[in-house]
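Taking it in order: structure first as structure tokens, then the write-up.
Just so you know, all these numbers are worked out from the coordinates, no wet-lab data involved. The model shown is predicted, which means the values in this text are computed figures rather than measured ones. Here the Cβ positions follow ideal geometry from the backbone for every residue, glycine too, while neighbour counts run over all protein chains shown.
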Amino acid sequence: MTSIKRMLADAAGHDSITSKVYIRSAKSGKVTKIVREIYLRTDIPCSSRLCRVCLLNAPVDSSNRSRPFVLSEKPAGTTVYPQGHYLMPDTNIFLQCMDAIEHKSAFYDVIVLQTVLEEVKNRSLPLYNRLVSLTKSDEKRFYVFHNEFRQETHVRRGQEESINDRNDRAIRVACKWYQKHIEQAAASSGIRAPAVVMLSNDKDNLAKASAEGLDCIDLQNYVKGLKNSDELLDMISSSLQDQERKANRGDNIYPEYFSISKMNTGVRNGTLHQGTFHTSTYNSLEGIVGVPTFDKHLLVTGLENMNRAVDGDLVVVELLPQDQWKRQSDKLVDQDTLTKNENADVDEVEAIVTERERRALVDEAKRIQRSQDESQKVQPTAKIVGVVKRNWRSYVGHIDPGSVNRAKSGGQQVVFFRPLDKKIPKIRVFTRQATQLLGQRIVVNIDSWDRTSRFPVGHFVRALGELETKEAETEALLLEWDVQYRPFPKAVLDCLPSEGHDWRVPEDKSHPGWHKRTDLRDLLICSIDPPGCQDIDDALHARLLPNGNYEVGVHIADVSNFVRPSNAMDSEAAQRGTTVYLVDKRIDMLPPLLGTDLCSLKPYVERYAFSVLWEMTPEAKIVNTIFTKSVIKSREAFAYKAAQMRIDDKSQTDPLTEGMRILLMLSKKLRQARMDAGALNLASPEVKVQMESETSDPASIEVKELLETNSLVEEFMLCANISVARKIYEAFPQTAMLRRHGAPPATNFDDLRSQLRARKNLDLHVESSKALADSLDACVDPQEPYFNTLVRIIATRCMVPAEYFSSGTQAYPEFRHYGLATDIYTHFTSPIRRYSDLAAHRQLAAAIDYEPLDESLYNKDKMDAVVKNLNVRHRNAQFAGRASVEYYVGQALKNKSTEEEGFVAKIFSNGFVVFVPRFGIEGTIRLESTKTFDADEYVLELEDGRKIVLFEKVRVRVDVVKEQATGRRKTELTLA
Amino acid sequence: MEGLRNDGRRWNELRRIHCQLSTSGSSADGSAYVEQGFTKVLCTVTGPAEPGSRQRGRSDGATVVCEVYFAAFSGTDRIKRGRNDKKVQELQTAVQKTFASVILTHLLARSEIAISLHVLSQDGGTLAACINATTLALIDAGIPMADYVCACTAGQPAIGLGGGSGGGDDDEPDPYLDVNYLEESDIPSLTVATVGGGEKVAVVSMESRVRIERLEAMLAVGISGCARVREIMDKEVRRYGKEKLDGTGE
């Protein structure tokens, strides 16, 4: 028998193939060794416009095109490298200085090594995405060089060599190769070669590099050679800046985190628990962690137990012994009162618990012991032992003027940054521009939070403008809620129809646009929207059929006809997720050409639509449903009020008005059926800010009015959404884009129920949405009509938010929409302003065989990613909208002090929360001293004998003051 | 990654192919060993021989039987695949059907040709490697065939490598030739085998879903890959034949 002899001897001839061996250990503890082939090549270009050799060998794709070269032939110079230079940063530079690198004034002609790119990807996905978008943009000239795949620059890991050392060596080898290569290229064209500069902060690596004759420099020295070095230096992560200081720091304030393996084992054994940490809105020394093993949230009190966790972080907690369990605090505590006199620069003698805090905690413990029904209200407490994933982002806020040393004009100093979001602690920021930044709205990133530092440390990113200017505040708000507000890039605008505003529905019915489209132009269709609406998503019609039934049609803008799957416009829309409505501004999901013109179902013009046609009995039972793409011509665009007037006007008997009356009649029946099924009628305090038309300053505030026509449109939209949800779920059981609303856990209502019991002798039944709806209806106080609305507002806050999901990720019973009391639901009716609707459109189009479904909509993983983003965007858009209203309410009430009627919505031992219906605002009133507080009866007695009682009316004075903490004008309530 | 796949290849590049004939010497009538990347397959062929005692063989031609064995260590995870494993059975049927149609069975009436395949390592394209190994082993055994049967895989990435200048989003991304294990688990792919490296397709097999418009491009890329596989195999057969004829072999 002969043996198969080959391999090593044979492979020697193939020095273009090597293999990568790595070990992968799974979470389950299994370890796998993986060997992968790597093909080394010589045709990877250097991408410098100086080089002719690479240009000749540049690889081409199937249509024989090659990429244009990126790096300019005359890169910028610095004082150190006057001949010009290409930059080659190492991984840490990207991880720590991305903000500076993105700056417009510097960091051009950068070579991003594949080694570095992969390391960045493993360390931080958001930073990786930012780096990738830099390499894609043309202006910054970033080039990804695949050094691992180029024969000359591939580096094999030596024995006993750590991965980091190997990667550092790979960077040096690549740098060396580039240096030689560029020199040769420059020599052949007779120019002085630009330097290839390795940028690193690793002293070891720098020393080795200069020993090898490479151009290398550390970041500080590099940036000092640039023009606006002060600004750029501020943008560099503080972890780089005070490396030396860190070494001689004082005592550790916070307990050390557990190691990852210890946390993993603990979570697996059930001795530790993992969950998301949320800081309390009312008390900055307290937070909760929801974990699956407990019904109740775990309470985390005190900074030491919170152990450097920031709101939103994914943390691991350890339960405290039962004798340390507590009630949720009924005190208002805010950072301000605790840390008023602290100096940002002092970090040697900071004790973890300041005297003031300690007193607050002791007070509380005492009070708890006095309380009677301890066992009922006590909550398990826990301490945080590790952070699995940080939820740090960019924070918008301003510099605390008290922390700035004005006398010190030049040089670096440490200041406190106050984020707008009160749940975020103050951030220490090193800056050289402290005095310039005072009074500005600025953006800051957190870099780290060491055990030795009481506050997290961050760095300056950019300034938005003066505090309280409209532009700066709007931008701040958008940034704070991560709303993508930049103008649409060119790639997106290129996807628009070339005809622009002149686009028309083709006249010729043989045009491909008419393919499988029904001609519904003769139907009397109209749209009903809020006044001034430009992006009209939906239109309706109804008519009597000969058999006595009604034909009802809902026509939705056919956005999927213009936005093709997976092109640049689609990706941008998927990224934005939703249109964001602010008081004075709309941030569109789609370019305005589509949103307000071509897709918008404007009156008197023909438009493409996606229609849902039902045959309904006079009792509003659906007999038959048809889905079809169509062409419609809307006869009129009504505002809610105008539609209402038209219907109410008996003298109007034209077919269009008759159709609207049919719609109204049917919608009432639909609504009744829905209410009977247990749909909830919840309330949220909605107000509208009226703007003065000329100055666009906010003039007055109105509570939103609800007309019958509002609910007319709503009912048919719900009906269409439900019909579509059934259809797409039937066609795509695994990936249908649906929306669910989970039933809230009964414990969410505990507080509200005990409050209602104690105060009003009422109870809520929370077993089902029907029971809840009925018991909410019963929550009335004959003397106080507003009481019912107040309870509804509070009940709304006990709900879990509705969410998008793809049907494969949940079992059918979980599809239920609790609030609407329907077994299945989706969003279909607003594709201009919501991406989920666009996805539903595509799925419905495929379900009716209009066109094949794009791969992204039947791929589970991709759907999950889309859905996840949509949920985040949707929530952020809501918050941004609310914040905008809040800001403008503040502006409208500026300089107008009024006394208003409010209702007590929540009560603490040293204050209470008041809700003022007229302005839809809510405010906390803190009291310096109180006489007695009855926690079981929810009664607070003041020094002057007045009693503050939960749910009761109270007169308050509404003022607008500039809030110290956020630098934003805000309404402040005081007892009248 | 721009212009490069995860192992450094471009869209239209094959992996390293190594093949060898007569690896099992005298213990079988024909044998071959094929490596495509890290996919390694050993094939032995017995026959034409008298069929086993049970069957009597077809009077009009030879019967082809095939058995596939997966080594437990061949994949990333250690999995033992039994005789009734679905994947094993599918592979057996695919190889058996292909070669029953390509072998000139009418010349070998009442005989049996037994193909046995050992998959030693899997790194994507197992079926293709099995077909290629079988072709070589059959040649080694001297069994008359119409032509080489050469197989190759092609995959369809969702996002292009962006090797081109415009890289416009309306362009369909280029299909990948000869997918490795990582690509195979990530993107839809098909295996295609042609007879004689031309356009005569003997096998097409696909286990994932792909948009129908993309299929044609994938097939075209796969077929061109088959032609290149044929060249490599043909070169090895000629080298081996020459070595034998020169008597320089053992």
Taking a label point 7 Å from the Cα of B:Arg58 along the Cα→Cβ vector, which residues of the stretch B:105-119 have an amide N closer than 17 Å to it? B:105-115
Estimated [θ] at 222 nm from DSSP helical runs (n ≥ 4, -39500 (n - 2.57)) normalised by residues in chain A, nearest 500: -9000 deg cm²/dmol
Sorted by Cβ density within 10 Å, fewest first, the residues B:Cys152, A:Cys97: A:Cys97, B:Cys152
Rounded, prolate or oblate: pick one for chain A, where a ≥ b ≥ c are the square roots of the eigenvalues of its C-alpha gyration tensor, a/c under 1.5 means rounded, and failing that, prolate if a/b is larger than b/c, else oblate. oblate
Any chance you could run the full-extension gain for A:Glu615 through A:Thr135? It's 0.36 nm times the residue separation minus the Cα-Cα distance, nm to one decimal. 167.3 nm
Cβ density ranking, 10 Å radius, fewest first, applied to A:Leu206, A:Leu125 yields A:Leu125, A:Leu206
How much length is gained on full extension from A:Arg957 to A:Thr796, taking 0.36 nm per residue of separation minus their Cα-Cα distance? 55.3 nm
The stretch A:864-885 and the stretch A:265-286 have their Cα centres apart by a whole-number Å value of 24
Out of B:Cys226, B:Cys150, B:Cys66, any idea which swings most in a Gaussian network model of chain B, alpha carbons joined below 10 Å? B:Cys66
Quickly estimate the mean residue ellipticity at 222 nm for chain B, helices only: each DSSP H run with n ≥ 4 gives -39500 (n - 2.57), and the total goes over all residues, rounded to 500. -10000 deg cm²/dmol
Choice from B:Arg15, B:Arg209, B:Arg58 with maximal GNM fluctuation in chain B (Cα, 10 Å cutoff): B:Arg209
Between A:Ser448 and A:Ile34, what is the label-to-label distance in nm when each label sits 7 Å out along the Cα-to-Cβ direction? 3.0
Run the quick spin-label model on A:Arg918 and A:Lys509: label points 7 Å from Cα toward the beta carbon, then report their separation in nm to one decimal. 6.1
Filter the trypsin sites (Lys or Arg not before Pro) in the stretch A:90-151 down to the DSSP loop ones having no more than 13 other Cβ atoms within 10 Å, then list what survives. A:Lys104
Per the 1/(1 + (r/R0)^6) rule, R0 = 30 Å and r from the Cβ atoms of A:Glu212 and A:Ala463, FRET efficiency to 0.05 is 0.15
How long is the gain from A:Lys224 to A:Ala811 if the chain were fully straight, where each residue apart is worth 0.36 nm and the alpha carbon distance is subtracted? 205.4 nm
Quick calc: nm separation of the 7 Å Cα→Cβ label points for A:Glu183 and A:Asp861 -> 4.5
Can you spot the lysines whose alpha carbon is less than 18 Å from A:Lys426's alpha carbon? Ignore those fewer than 8 places along the same chain. A:Lys340
Most mobile of B:Val119, B:Val210, B:Val229 per a Gaussian network model of chain B (Cα springs, under 10 Å)? B:Val210
In the neighborhood of A:Ser124, defined by Cβ-to-Cβ distances under 14 Å, what is the net charge if each Lys or Arg adds +1 and each Asp or Glu adds -1? +2
Proximal charge balance of A:Asp311 [Cβ under 10 Å; K/R count +1, D/E count -1]: 0
Environment charge of A:Gly548, counting only residues whose C-beta is closer than 14 Å and scoring Lys/Arg +1, Asp/Glu -1: -1
Only bridges whose two residues both fall in chain A count here: according to DSSP, what percent of them are antiparallel, nearest 5? 80
What FRET efficiency would be calculated for the residue pair B:Lys242, B:Ala100, taking the C-beta separation as r and a Förster radius of 30 Å, to the nearest 0.05? 0.45
Fewest-first ordering of B:Thr153, A:Thr924 by Cβ atoms within 10 Å yields A:Thr924, B:Thr153
Take the alpha carbon atoms of the stretch B:193-228, find their center, do the same for the stretch A:144-168, and report the distance between the two centers in whole angstrom. 37
The long-range amide H neighbours of B:Glu67, using H built 1.01 Å from N in the peptide plane and a cut-off of under 5 Å, are B:Ile115, B:Ser116, B:Leu117
Mark the label point 7 Å from the Cα of B:Thr93 along Cα→Cβ and return the residues of the stretch B:182-224 whose backbone N is within less than 14 Å of it. B:204-207
